[in-house]
Amino acid sequence: MTTAPVTYGGSRRPPRGDYSIARPDYTCDQAWDRYAPQQHALYARLYARQQKLVGGRACDEFLQALAQLDMGAQIPRFEDVCERLGRATRWQIVAVPGLIPEDAFFRLLAHRRFPVTVWLRTPEEFDYIVEPDLFHDLFGHVPLLFNPVFADYMQAYGEGGLKAQRRNALELLARLYWYTVEFGLIDTAQGLRVYGAGILSSPGELTRALTDPSPLRVGFDLRRVLRTVYEIDDFQRIYFVIDGFNQLFEQTAQDFAPIYEQLLPLPPLPPDRMQPGDRRFGVNSTA
Ligand code: PHE
Ligand code: FE
């Protein structure tokens, strides 16, 4: 069966990837044997560069899982990663051809299955890539799925996505994903640290997210996040800071239905302005 390609978010460009190989739930085989030696080498270079940068910047939960995973030498077989993840938090990773439609994405998350793109960027895209590729998905997202609280948050998010779809509130809920799973910061005893995959897999954003004084850093507040617009093709102008994964899980456990009702008629907030009630965080002095 052929599964139709998708256009995701507002983009009119069709996503990259071979959707003819996808099953109806959009998963596919990784076909590990088909990676060329140059692709394994490119992956290893991406991994080595990023591994040097995450020390002192990523949160401890990420760093510990990354060290244990030890998947930097070549493109790993997803089944190997999957087995270890399953033992830790009962999450699985599944191969997908690229970006997938929102409801397929939510359904996978709700079943504790994280989709990882099978293709790797080209050498020309070493520094920057618009769409998530294998490296972003694996390096950025998978280590935190070893944390039990974050793992439960991701499943709850998947269930919440299906619900938001029925309530026409996807635009609001997508902001939560963006400002937590992709670009979240966490306040620790050692200072601010990164847990968002979009930062962790990007050399440019990782070196500036904690120290550049220009972006705003604001304490996480559910309604504030749901209302804040994001930009997908530039460094972020605002980051939201949680004080732990428990806070994230607890603040999002409530029923969002009344919150959607309250927020849907309100205008969105720009990403570059402080709002009344915002708790501001400064940059780390060292790092
Ligand atoms: N509690 C949310 C709801 O009722 C679901 C959700 C959980 C969304 C966690 C995001 C993250 O819709
Ligand atoms: Fe991502």
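The charge dipole of the chain, taken about its Cα centre with unit charges on the Cβ of Lys, Arg, Asp and Glu (plus for the first two, minus for the last two), comes to roughly 220 debye.
In sequence order, the range 131-145 has phi-based couplings of 9, x, 10, 4, 5, 4, 4, 7, 5, x, 9, 5, x, 6, 5 Hz under the Karplus curve 6.51 cos²θ - 1.76 cosθ + 1.60, θ = phi - 60°, and Gly or Pro positions carry x. The slack between Asp70 and Ile21, meaning 0.36 nm per residue of separation minus the straight C-alpha distance, is 14.7 nm. Under a GNM of the chain (C-alpha, springs under 10 Å), which listed residue has the highest mean-square fluctuation: Ile93, Ile259, Ile199? It is Ile259. Residues whose amide H comes within less than 5 Å of that of Arg217, counting only those at least five positions distant or on another chain, are Tyr239, Phe281 (H built at 1.01 Å from N in the peptide plane). Can you give the percent of C-alpha pairs in the range 147-209 whose distance is more than 20 Å? Across the range 147-209, Cα pairs with separations above 20 Å total 36 percent. Simple spin-label estimate for Gln51 and Asp272 gives 3.8 nm between the two label positions (7 Å along the Cα-to-Cβ direction from each Cα). Its Cα centre serving as origin, the range 55-159 has a Cβ charge dipole (Lys and Arg +1, Asp and Glu -1) of approximately 380 debye. Ellipsoid fit via the Cα gyration tensor, the chain: semi-axes of 28, 23, 18 Å, each the root of five times an eigenvalue, largest first. Remark on Leu269: its backbone amide H falls under 5 Å from those of Thr228, Val229, a criterion applied only to residues 5 or more positions apart or on other chains, H modelled at 1.01 Å from N.
With springs connecting C-alpha atoms under 10 Å apart, model the chain as a Gaussian network and identify which of Gln247, Gln262, Gln64 has the largest mean-square fluctuation. Ranking Gln247, Gln262, Gln64 by mean-square fluctuation puts Gln262 first. What the phi angles of the range 75-87 give under the Karplus curve with 6.51, -1.76 and 1.60, with θ = phi - 60°, is a coupling list of 4, x, 6, 4, 4, 5, 4, 4, 5, 5, 5, x, 5 Hz, glycine and proline written as x.
Scaled against the 2.2 N^0.38 Å expected of a compact globular protein of N residues, the Cα radius of gyration of the range 226-268 reads 1.42.
If R0 is taken as 35 Å, the Cβ-Cβ distance between Asn246 and Asp29 corresponds to a FRET efficiency of 0.40.
If you look at the Cα atoms of the range 90-241, you get an Rg and a Dmax of 15.1, 42 Å. Between Asp152 and Ala174, take the C-beta separation as r, use R0 = 35 Å, and let me know the FRET efficiency to the nearest 0.05. Efficiency, rounded to the nearest 0.05: 0.95. Sequence-ordered 3J(HN,Hα) estimates for the range 267-282 from the Karplus curve with 6.51, -1.76 and 1.60 and θ = phi - 60° stand at x, x, 9, x, x, 10, 9, 5, 10, x, x, 5, 9, 8, 10, x Hz, glycine and proline given as x.
In this label model, Ala36 and Arg87 are separated by 3.5 nm, measuring between points 7 Å along each Cα→Cβ vector.
Computed from the coordinates by the stated procedures, all read-outs in this text should not be read as laboratory data. The model shown is predicted, which means the values in this text are computed figures rather than measured ones. FYI the Cβ positions are ideal-geometry reconstructions off the backbone, even for glycines, and counts take in every protein chain you see.
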